[in-house]
Amino acid sequence: CPSPPTAHPLTHKTNQPPTEAAPEATNDASGDESEAVCYLNGVHMSPYKVRRVLDVIRGKSYEECLIMLEFMPYRACEPVLNALFSAASNAKNNLGMNKAKLYVSETYADGAGTMKRFHPRAQGRPFPIRKRTCNITLKMKER
């Protein structure tokens, strides 16, 4: 008995917000350094545009990042700000760190799935459009 047909994942459009994985607390091999991690998966934005924002806040303190992200003119600041809030809350609640001493130790945006669409162009020919998504990872440590 064949299984019922399902929609192809690249052609199925959903109006769901990006999924946020459960924040994790990791310990290094030495045991004295711990970091708070936040993963933000499925952000409907190109990883190149998100990296432009992440490169600015890497290595900065928590308060400095909040001010910078609040006034930067990029749309990518909103999901990065949400990840920053989540990582800081994770550090405070799960690891007992002080928010005033936190800084962004590591952050990166990896490419995720690409939704492929087609736009009609001259003489009825299709023109491919790639709607990129990304996964944001933000790690914070205490100074």
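Data overview
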read-out: Matching residues, the stretch 121-143, being of a type in the set (Lys, Arg) and loosely packed, with under 14 Cβ neighbours inside 10 Å; value: Arg121, Arg125, Arg130, Arg143
read-out: Tally, over the stretch 115-139, of residues that are more than 19 Å from Arg52 (Cβ to Cβ) and either among the polar types (S, T, N, Q) or in a helix (DSSP H, G or I) (or both); value: 3
read-out: Pair list, Cβ < 6 Å and 6+ apart or interchain, from the stretch 65-87 residues that are more than 11 Å from Leu54 (Cα to Cα) and of a type in the set (Ser, Thr, Tyr) to residues that are assigned to a helix (DSSP H, G or I) and open to solvent by less than 40 Å² (accessible area, probe 1.4 Å); value: Tyr74/Val53
read-out: Long-range neighbours under 8 Å by Cβ, at least six apart or interchain, first residue touching a residue at least 24 places away in the same chain (Cβ under 8 Å) within the stretch 119-136, second open to solvent by 90 Å² or more (accessible area, probe 1.4 Å) and assigned to a strand (DSSP E or B); value: Lys131/Lys116
read-out: Sole exception among (1) closer than 25 Å to Lys131 by Cβ; (2) surrounded by fewer than 17 Cβ atoms within 10 Å (Cβ to Cβ); (3) at pLDDT below 95 for Phe118, by number; value: (3)
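The values are calculated or read from the model by the stated rules, or taken from the named source; none is laboratory data. Values in this document were obtained by computation on a predicted structure and should not be read as measured data. When we count neighbours, we look across all protein chains shown, and the Cβ atoms used for this are built from the backbone with ideal geometry, even at glycine. We work out accessible area using only protein heavy atoms, side chains counted, and drop any ligands, DNA or RNA first. Shrake-Rupley method; radii C 1.70, N 1.55, O 1.52, S 1.80 Å.
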